Amino acid sequence: MPEPTHKIQDRGLQYAGASRIDGPLFVVERVRDVGYDEVAEIVDDQGRVRTGRVLDVSDRHVVLQVLEGTTGLSNRNTRTRFLGESFRLPVSLNMLGRVFDGLGRPLDGGPEPLSADRRDINGLPINPFSRRYPREFIQTGLSAIDGMNALVRGQKLPIFSGNGLPHDRVAAQIVRQARLLDNKEEFSIIFAAMGVKHDVAQFFIRNFEDSGVLSRVVLFLSLADAPSVERLLTPRMALTYAEHLAFDCGRHVLVLLTDMTNYCESLREIGTARGEIPGRKGYPGYLYSDLASLYERAGRIESAAGSITQVPILTMPSDDISHPVPDLTGYITEGQIVLDRDLTHRGIYPPIAGLPSLSRLMKDGVGKGYTRDDHPALASQLFACYARVKRVRGLADVVGAEELGALDKLYLAFGEAFERRFLNQGEQENRDIATTLDLGWEMLSLLPRDELHRVREALIEEHYGKTVAGAAAASGGKD
Amino acid sequence: MKSPATVSGPVVTRVSGPIVQARGMEAARMYEVVHVGEGGLAGEVVKLDAGRATIQVYEDTTLLAPGAPVQLSGMPLSVLLGPGLIGNIYDGIQRPLPGIAAQSGAWIRRGEKVPALDMSRRWSFVPKLAAGAEVTGGTIIGTVAETPVVEHRIMIPPDISGRLLSVVPAGEYTLEDPVAVVETPAGERTITMLQRWPVRVPRPVSERLRITEPLVTGQRIIDALFPIGKGGTAAIPGGFGTGKTITQHQLAKWSDADIIVYIGCGERGNEMTEVLREFPAILDPRSGRPLMDRTILIANTSNMPVAAREVSIYTGITLAEYYRDQGRSVAVFADSTSRWAEALRELAARLEEMPAEEGFPATLPTRLAQFYERAGSVATLSGERGAISIVGAVSPPGGDFSEPVTQHTQRFIRCFWALDTELANARHYPSIHWLRSYSGYAEDVAEWWERHAPDWSTLRAEALEILQREDRLQQIVKLVGPDVLPDSQRLILFIADMLKDGFLTQNAFDENDMFCTPVRQTALLRLIIGLYRRALTLIQSGAPLLRIQQLPAVPDLVRAKSVYGNDAVEGIERLKQELARQLEALAAEFKK
């Protein structure tokens, strides 16, 4: 966290000049008592103050990464001062409702946040022994999520999207509608933007305003025109504040991080500038560990009431889910919500792909005592049937839908209904979990009951063909 | 942070993340543990060059500065071995996480120092030998009831042999209390219940034995189609979301090993928490005791320091070897070896080593081999039979098995359980693909199985053949649809589907289905293969497949796995008889 400029004079030594400047990197020679990851201030001859962070330190030189970029710096016109601490963010409850830049400086014209409580933005790893296992179902009001890929409090569930897909709208709808079943307490929302465009940030701010949640939102904006290395700190600022709200103040926090692909690109930029050995697609070999240091800051702990639920958003370059950014993210997060271009083209919103989407924690947050007894089996059966739909469609493409057997035709009808009626819903439509589950059964009732291998007889008896539309379709579909 | 001039002895000269360089390290040895800086951050010497040492530090190095002092410990990185390991959860360098939580709360701070074992606790030691006995390394001199299911055998450390001068009487002792004195050629040596062993050195055994017994996992596709032997090695590769961790958890819960060592290496914190919360609550079907009574957890999650992740694998396997030496069958689960390989890569890059494939160090295959070779079925130093089975999860980027970690792992394992994204997408769990997986132990364990089920090998071969033929037929079906196939071929499709739904898929959350005894496994397989055999002859005598599919008992076959639990195998038998009755009635219709 940068200090106000007047403090510069009362700190230790200043080092004049730089021996090497290369992209965002800035090398100072013959430095004493500087630690790894320490923060420095670099003042140029215009008196402009920039912030640097130590990437490598030896008894000969210090390599700094300059967050505001090195434009205008020369080998001679700078003075560098080391602040003796790593990056810190002052935290206090009255930061709620404020807007900050990517480095935690006010953007809303308000005062600098004042607090004696200044936190290291790198955080500390949560002891797995002290974690509380996430179990409370969050109702997002979206059937594709609640019914099939349920989100639980303390989970990290990213949205994998592509350019031009409505991930922002889906995320905004989740923020608007997310709530617990039996608890009126609302989420505090932390929004961190890394390299996104102004209009995207505006879209979210407007959405927060319209739904009247702005007083519960904190924004950290490092927009597309901000220096790219700044983005490496933005999510850490956001998560540091989230930890304060959740684990000191007992709030339930929902953190949106967008767009993680931009974050990873900044990481690659720094890695390349340092001449590191690149891993896949030029991303540094430590991309996994670095991403984990962000995503693993979600969760709950035994000793505090609050929770951090993370919804990172990332765009998959050329919709490629095996690209290193979505791939490594998927290995760390507890599932993924994948948006599908094909569904978008067919006008289905939210275009949440049925099969590749997954919530790993769903098994522990739904079913008896959480949502409804039939929920796990219903979801499993819907997945299995929808997988068959995909196979039948492949076959229909070859032989023509008319040539399909009677059962396969039922599957096609089921697939169409599943996409048009179950997945598809309005942007303002907030379905409660019972509606979603009943709708799921209505879809299954389009298929003969012998096809439902994954549901116990008792549940079939209770729910199969119980809705009027479903019953009609089921009897019509028997032969 | 002092200036270099004020400190004598070894000092830090460079800090780059977890890699630290120091000078004045002439006295240091390779892989010696050192403590860096005022906070005493633990690290290990990985390179020596004329008094300049490169140290990999197991903790976050933020604000560590050149000039900070370095202290040598004189010891290689070692683990403490003795009663109290079972039921514990450690980080990668054997610091107990409950102890850290008691000391510093929910977060792991730097420089935490908590002893791995409770030195003040008294254990009830029962001697097994009397003074005068000749002992060598590995000789069991007494026992301690570590948990209700684990009898901990106190052994003479591997490097000591001689004559027992004295043994303490049965009673309560701490780990550091002497329990025996051995007269060795080099003088008298005091034996305690505590041993120390360097993690990178395999503990000695007297002989390696052939693998003859399966590690029964209770998971049908594994036990019946791709079995692993006690002392065997297996890899579970799979893209994200294919269920590696759930499969590993299932194996750790239900495998019939005496001791389970579960290494969470660079994976999610919540998964370790899940194990911690779940295992004490689940009862082992064999002993009736909580699973935690036989389990040791190593958790170095993805956000914990990367150098400790590298070590966590060795820490885990060394604990396993210690119990193996007591004559136990130990199963080690490493989730995930890819994260471990990435830790190697990250450290190698910081050491500016020349990279080989995809940035991994050229030593990757050697390191993998060293790890998997610590598995095996052995005769211990004291002549008992012990085994370590290793199951390593692999997380190939993009789910592509041609990447270096998967490729090299395949060279050193004999059991390959390939997880498939498409199966996982259809929620077919475990998503082990029957055509891409293999097991080199099927022959070795066939004899054991056939003692329980004489037809095991034929059932297995037939099931595999049906699945293989189905795959070929599906190629045709994709082009022209299933309707053009003759009934005998559509029967293959039908039976293959039944095998998938009624046998290969197994619900980890269904009371009846999560664990399947060998008896029930063969009963279920016999049921389906039996239908296939009879249906084939029926079709040959002119009965249409549709009539067979419409038999009332057929849907029950698929549900049998969740309807009849391990204590209701006779239900499967009844179903088999009912099916046979219906098939014979059908046969009567088509008798020529």
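The values are calculated or read from the model by the stated rules, or taken from the named source; none is laboratory data. All figures in this text were calculated on a predicted structure; none of them were measured in a lab. So basically every Cβ, Gly included, is an ideal-geometry build from the backbone, and we count neighbours across all protein chains shown.
Some notes on this structure:
- The stretch B:347-367, residues that are outside any helix (DSSP H, G or I) and in contact with a Gly (Cβ under 9 Å, 6 or more places away or on another chain): B:355, B:360
- Restricting the stretch A:453-479 to residues that are of a type in the set (Val, Ile, Thr) and under 27 Å from residue B:504 (Cβ atoms) leaves a set whose member that is modelled with the highest pLDDT is A:460.
- When each of A:348, A:321, A:337 is tested for being β-branched (Val, Ile, Thr), within 28 Å of residue A:138 (Cβ to Cβ) and outside any loop (DSSP other than H, G, I, E, B), the lone residue that passes is A:337.
- Qualifying residues in the stretch B:303-313 (those that are part of a helix (DSSP H, G or I) and either in contact with a helix residue (DSSP H, G or I) (Cβ under 8 Å, 6 or more places away or on another chain) or free of Cβ contacts under 8 Å to residues at least 40 places away in the same chain (or both)) - the one nearest to the other protein chains (Cβ to nearest Cβ): B:306
- If you go through the stretch A:341-361 and pick out every residue that is in contact with a strand residue (DSSP E or B) (Cβ under 7 Å, 6 or more places away or on another chain) and in contact (Cβ under 8 Å) with a residue 24 or more places away in the chain, you end up with 8.
- Hits in the stretch B:52-83 (condition: small (Gly, Ala, Ser), under 26 Å from the mean Cα position of the chain (by Cα) and surrounded by fewer than 22 Cβ atoms within 10 Å (Cβ to Cβ)): B:78
- Filtered by the rule that a residue be within 11 Å of chain B (Cβ to nearest Cβ), over 21 Å from residue A:279 (Cβ atoms) and surrounded by fewer than 24 Cβ atoms within 10 Å (Cβ to Cβ), the stretch A:317-336 gives a lone residue, A:335.
- In the stretch A:90-116, residue nearest to the other protein chains (Cβ to nearest Cβ) [restricted to those that are among the charged types (D, E, K, R) and out of contact with any Ser or Thr (no Cβ under 7 Å at 6 or more places or on another chain)]: A:105
- Residue B:348 vs. criteria closer than 23 Å to residue B:303 by Cα, in contact with a Lys or Arg (Cβ under 6 Å, 6 or more places away or on another chain) and buried (at least 19 other Cβ atoms within 10 Å of the Cβ): no
- Subset of the stretch A:297-311 that is surrounded by fewer than 21 Cβ atoms within 10 Å (Cβ to Cβ) and of a type outside the set (Asp, Glu) - its residue that is nearest to the other protein chains (Cβ to nearest Cβ): A:303
- Of all residues in the stretch A:117-143, exactly one satisfies the criterion of being part of a helix (DSSP H, G or I) and more than 7 Å from chain B (Cβ to nearest Cβ), namely A:143.
- Qualifying residue in the stretch B:478-485 (condition: surrounded by fewer than 19 Cβ atoms within 10 Å (Cβ to Cβ), out of contact with any strand residue (DSSP E or B) (no Cβ under 7 Å at 6 or more places or on another chain) and more than 14 Å from chain A (Cβ to nearest Cβ)): no
- Of all the listed residues (A:339, A:314, A:294), the sole one being of a type in the set (A, V, I, L, M, F, W, C), crowded, with 21+ Cβ neighbours inside 10 Å, touching a Pro at 6+ places or on another chain (Cβ under 9 Å) and facing chain B (nearest Cβ under 9 Å) is A:294.
- Within the stretch A:122-181, tally of residues that are among the polar types (S, T, N, Q) and without any contact (Cβ under 8 Å) to a residue 12 or more places away in the chain: 1
- Filtered by the rule that a residue be β-branched (Val, Ile, Thr) and farther than 11 Å from residue A:174 by Cβ, the stretch A:129-157 gives a lone residue, A:152.
- Only strands (runs of 3 or more DSSP E) whose full extent lies in the stretch B:1-119 are considered here, and the ones with at least 2 residues that are facing chain A (nearest Cβ under 8 Å) are B:11-16.
- When the residues of the stretch A:11-39 are filtered to those that are charged (D, E, K, R) and touching a residue at least 60 places away in the same chain (Cβ under 8 Å), the one that is farthest from residue A:273 (Cα to Cα) is A:11.
- If you check A:274, A:236, A:251, A:268 for being modelled with pLDDT of 95 or more, outside the structural domain of residue A:65 (by TED's automatic domain parsing) and among the charged types (D, E, K, R), only one passes: A:236.
- Filter pass, residue A:271 being small (Gly, Ala, Ser), within 14 Å of chain B (Cβ to nearest Cβ) and either assigned to a loop (DSSP other than H, G, I, E, B) or touching a Cys at 6+ places or on another chain (Cβ under 8 Å) (or both): no
- Filtered residues of the stretch A:400-413 (kept if at the interface with chain B (Cβ under 10 Å from one of its Cβ atoms), in a helix (DSSP H, G or I) and surrounded by fewer than 18 Cβ atoms within 10 Å (Cβ to Cβ)): A:403
- Candidate set: the stretch A:299-327, residues that are in contact (Cβ under 8 Å) with a residue 60 or more places away in the chain and closer than 30 Å to residue B:348 by Cβ; chosen: the one nearest to the chain's Cα centre (by Cα): A:312
- Odd one out for residue A:365, checked against (1) under 30 Å from residue A:134 (Cα atoms); (2) surrounded by fewer than 24 Cβ atoms within 10 Å (Cβ to Cβ); (3) facing chain B (nearest Cβ under 10 Å): (3)
- Single unsatisfied condition, residue A:279 versus (1) in contact with a Pro (Cβ under 7 Å, 6 or more places away or on another chain); (2) under 22 Å from residue B:238 (Cα atoms): (1)
- Scanning the stretch A:144-166 for residues that are surrounded by 24 or more Cβ atoms within 10 Å (Cβ to Cβ) and either of a type in the set (A, V, I, L, M) or away from chain B (no Cβ under 14 Å) (or both) yields a total of 10.
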